[in-house]
Amino acid sequence: RATLLLSRCLLKMVKGNIIVPEDILSFCCNGLQGSTSPPRAREPGEREEAPGAMASPSPARNPTEVQMSQLVLPCHTNHRGELSTGQLLKWIDTAACLSAERHAGCPCVTASMDDIYFEHTISVGQVVNIKAKVNRAFNSSMEVGIQVSYEDLCTGKHCSICKAYATFVAQGPLGSKVRLEPLTPQTEEEKIEYSIAAERRRMRLVHKDTLKDLLTHSPQETELETRDGSGAVPAERTRVESVELVLPPHANHQGNTFGGQIMAWMENVATIAASRLCHAHPTLRAIEMFHFRGPSQVGDRLVLKAIVNNSFKNSMEVGVSAEAYGQEMSISRRHINSAFMTFVVLDQEGQPRTLPMVAPEPGDGERRYREASARKKIRLDRKYVVSCKQTEVPLSVPWDQSNKVYLSYNNVSALKMLVAKANWALAREKEKVRMYTLEEDKFLSFRIEISVCIPAGRAFSLLSNLRRRHEWDSHYVSAELVQKVDDDDMIYHVVSQKLRHENKPQDFVILASRRKPCSKGDPYVVAFRSVTLPTHPARAEFTRGETLCSGFCIWPESEEMSKVAYYNQVMPGYLNYVTTNVAGLSSDICSTFEACEKFLLKNKDDLISRLQDF
């Protein structure tokens with residue numbers, strides 16, 4: 001009764017626009033629900049609501065996901081009223097670290113950051129929205145994916161700024177490594193990122209070797225040019241050195257200097273060096289993949305150095321390094337990090353201006369000059385092949401030593417993306433062979449799978465050798481090994497049978513990339529895609545064919561049983577052949593896969609075949 005009287009009083013207060021605390025209102029509502037007052041009679045035609053009908057279930061959210069929203073204030077901006085890139089890097093690193101620690105359950109440190117391309121600038125008064133979540137956990141490290149966008153509160157406009165991938169390492173007491181629990185992806189997007197994270201990790205590990213290989217095969221001489229009649233600017237004029245004292249606000253909860261803070265300081269000195277070349281205010285466009293080589297702590301002095309390594313027509317590369325030392329100057333400095341940043345100078349229309357050339361100093365300056373040119377080529381290859389959507393990449397990308405890592409990455413990741421798609425539909429089933437299709441806007445893909453009594457590793461070895469494919473695939477006439485790139489990547493020249501309505505056979509130049517499982521539950525992967533080689537141009541006696549994405553995935557079901565699946569994103573020339581099989585008007589694809597099963601069973605214990613595979 002007391003609760004009922006109090007509720008009536010509160011109702012009068014609400015009608016009189018008197019603010020009532022939410023917890024009191026909640027108490028009264030709960031009290032009324034438990035009172036003995038008679039229930040309200042329903043109006044004619046009014047339905048009785050089922051229990052819990054008002055509480056619509058929300059979709060499950062990734063437990064590692066962290067969202068951060070920051071209003072850009074004047075203190076965050078440069079002289080143009082645009083958000084400082086250094087400040088943005090601090091926010092990115094903070095959000096990514098919080099996501100990593102959600103999964104690890106312990107402190108984490110930034111180990112590396114992949115390439116970051118900044119698509120737009122952000123103005124004061126706009127909101128920066130950052131979303132970070134763990135894509136995959138390895139032994140003691142994990143990859144965190146970060147998406148950054150801005151929101152204009154006045155117009156409601158949303159725009160993407162950048163996408164980044166950071167690697168974090170979990171640390172236990174006294175800096176010891178912590179073994180991480182595996183991550184289980186739930187959505188289709190998470191499964192794709194989880195699968196491709198292993199390829200990105202592989203690419204990071206060979207990043208330095210890629211640069212060394214390119215420099216080894218490039219000319220040694222350094223060429224200088226002039227633009228618009230102007231002479232080259234000595235690189236020494238752009239050199240910057242600055243020192244920062246690491247204070248508690250600059251450190252994380254472990255006492256180590258925040259990785260984002262170090263990146264912000266590095267961006268600051270790099271901007272000064274770029275300004276000294278162009279005598280204008282530059283805009284940061286990209287940061288190349290970099291690794292933190294060691295930690296620094298509160299009380300350290302960080303020495304930051306920057307110099308313009310090379311300038312191209314509309315952009316320049318600035319090299320930055322960070323070294324740490326303690327109070328004792330006699331102690332040698334510790335190399336913390338090196339990074340390479342690309343700047344442009346925009347005119348009033350927002351277009352890049354032509355920049356003066358750089359004259360490198362002899363010795364190390366000439367080395368940095370050459371390396372900057374090599375890095376630019378690698379950046380273009382990596383952005384073109386890796387960052388583009390699969391449908392935007394031309395089929396037969398030219399193959400050379402400088403882009404081999406990225407073409408291999410693209411080859412395997414494209415197949416893994418196809419495997420992770422969620423809308424596969426069973427089209428037909430013939431005995432043990434099952435055929436699935438996936439219909440998308442631009443492509444029709446099919447998948448054939450079968451369980452075979454053979455160890456997965458043995459099936460992987462047999463199916464990755466294209467020189468033996470003619471033994472079970474009647475469409476293949478021959479496959480010549482053109483180039484063994486490494487143990488996992490090979491290029492073949494394949495000749496196949498004539499297609500219907502064709503008067504000559506087809507040939508392909510195919511990159512075959514194979515991968516063993518990165519961790520338990522991963523499949524063996526053999527991916528195929530077309531490339532072009534100057535040694536194997538199109539010839540008159542063949543019709544040059546191309547394949548965008550195809551290959552095998554092999555999952556071990558037991559020690560002696562494997563599930564073998566073949567995937568293919570159908571090209572127009574094969575569309576009629578595939579749809580005929582999907583519709584049940586032909587069984588050629590199923591028969592070919594049955595022949596594949598017989599081939600695997602025949603050769604699973606053949607020692608001579610094992611030697612031929614290698």
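The values are calculated or read from the model by the stated rules, or taken from the named source; none is laboratory data. It should be emphasised that the depicted structure is a prediction, and the values quoted were computed from it without experimental measurement. We place every Cβ from the backbone using ideal geometry, glycine too, and count neighbours over all the protein chains shown. Quick note on the areas: whole protein, heavy atoms, side chains included, nothing else; ligands and nucleic acids left out. Shrake-Rupley method; radii C 1.70, N 1.55, O 1.52, S 1.80 Å.
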In a shell of Cβ-Cβ distance under 12 Å around Cys278, excluding Cys278 itself, what net charge do Lys and Arg (+1) and Asp and Glu (-1) give? +2
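Please tell me the relative contact order of segment 393-603 in percent, rounded to the nearest whole number, where contacts are Cα pairs under 8 Å and at least six residues apart. Please list the in-between numbers first.
Working: 403 pairs, mean separation 53.1, N = 211.
Dividing the mean separation by the residue count of segment 393-603 yields 25 percent.
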Lys208 accessible area, 1.4 Å probe, all protein chains in place, Å² to nearest 10: 120
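Below 13 angstrom from the Cβ of Gly350, what's the summed charge of the other residues (Lys, Arg +1; Asp, Glu -1)?
Working: positive: Arg80, Arg285, Arg353; negative: Glu82, Glu119, Asp347, Glu349.
Summing Lys and Arg as +1 and Asp and Glu as -1 gives -1.
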With a ≥ b ≥ c from the Cα gyration tensor eigenvalues, square-rooted, and the rule rounded for a/c under 1.5, otherwise prolate when a/b > b/c and oblate otherwise, segment 393-603 is rounded
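State the extension gain, in nm to one decimal, for the chain segment bounded by Ser69 and Glu328, taking 0.36 nm per residue of separation less the distance between their alpha-carbons. If you can, show how the numbers build up before the last one.
Numbers: separation 259, 0.36 × 259 = 93.24 nm, distance 4.09 nm.
Additional length available on full extension: 89.1 nm.
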Can you list the aspartates and glutamates whose alpha carbon sits under 14 Å from that of Lys520, skipping same-chain ones fewer than 8 residues off? Glu181, Glu557, Glu559
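Could you work out the relative contact order of segment 233-390? I mean the mean sequence separation of Cα pairs under 8 Å and 6+ apart, divided by the number of residues, in percent.
Details: 312 pairs, mean separation 41.8, N = 158.
Reported relative contact order: 26 percent.
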Rounded to the nearest 10 Å², what accessible area does His536 show when all protein chains are kept and the probe is 1.4 Å? 40
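Between Asp522 and Ala538, what length in nm is gained on full extension when 0.36 nm per residue of separation is reduced by their alpha carbon distance?
Values: separation 16, 0.36 × 16 = 5.76 nm, distance 3.72 nm.
Between Asp522 and Ala538, full extension yields 2.0 nm more.
How much FRET efficiency would the formula 1/(1 + (r/R0)^6) give for Val127 and Lys212, where r is the Cβ-Cβ distance and R0 is 35 Å, rounded to 0.05? Write down the numbers at each step before the final one.
Numbers: r = 43 Å, r/R0 = 1.23.
My answer for the efficiency is 0.25.
Listed highest first by mean packing, meaning other Cβ atoms within 10 Å per residue, what order do 477-487, 94-104 come in? List each step's numbers first, then the result.
Working: 477-487: 14.1, 94-104: 23.2.
The most tightly packed comes first, giving 94-104, 477-487.
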At 0.36 nm per residue, minus the direct Cα-Cα distance, what do Asn576 and Ser478 gain on full extension? Give it in nm, one decimal, please. 32.9 nm
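What relative contact order, as a whole-number percentage, does segment 63-208 give when Cα pairs under 8 Å and 6 or more residues apart are counted? The partial results should precede the final answer.
Numbers: 281 pairs, mean separation 35.9, N = 146.
Relative contact order of segment 63-208: 25 percent.
Taking the mean number of other Cβ atoms within 10 Å as a proxy for protection, how do you rank 276-288, 138-150, 165-177 from highest to lowest?
The most tightly packed comes first, giving 138-150, 276-288, 165-177.
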Can you give the FRET efficiency for Arg428 and Cys453, using 1/(1 + (r/R0)^6), R0 = 30 Å, r = Cβ-Cβ distance, to the nearest 0.05? 0.80
Could you tell me whether segment 63-208 comes out rounded, prolate or oblate from its Cα gyration tensor? Rule is a ≥ b ≥ c as square roots of the eigenvalues, rounded for a/c under 1.5, then prolate if a/b exceeds b/c, otherwise oblate. prolate
Simple spin-label estimate for His335 and Asn314 in nanometres, 7 Å along Cα-Cβ: 3.4
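By the gyration tensor of its Cα atoms, with a ≥ b ≥ c the square roots of the eigenvalues, what is the shape of segment 233-390: rounded for a/c under 1.5, prolate for a/b over b/c, or oblate?
Judged from the Cα gyration tensor, segment 233-390 comes out prolate (a/c at least 1.5, a/b above b/c).
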What distance in nm lies between label points placed 7 Å from Cα along the C-beta direction at Cys154 and Thr187? 3.2
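Determine, for each peptide in 319-328, 423-432, 459-468, the mean count of other beta carbons within 10 angstrom over its residues, then list the peptides with the highest first. Each step should come with its number before you reach the end.
Numbers: 319-328: 17.4, 423-432: 12.2, 459-468: 22.4.
Descending packing order for the listed peptides: 459-468, 319-328, 423-432.
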So the label point goes 7 Å from the Cα of His120 along Cα→C-beta, right? Which residues of segment 134-154 then have their backbone N under 20 Å from it? 146-154
What is the count of Lys pairs in segment 63-208 whose alpha carbons sit under 20 Å apart, if the two are 8 or more places apart or on different chains? 9
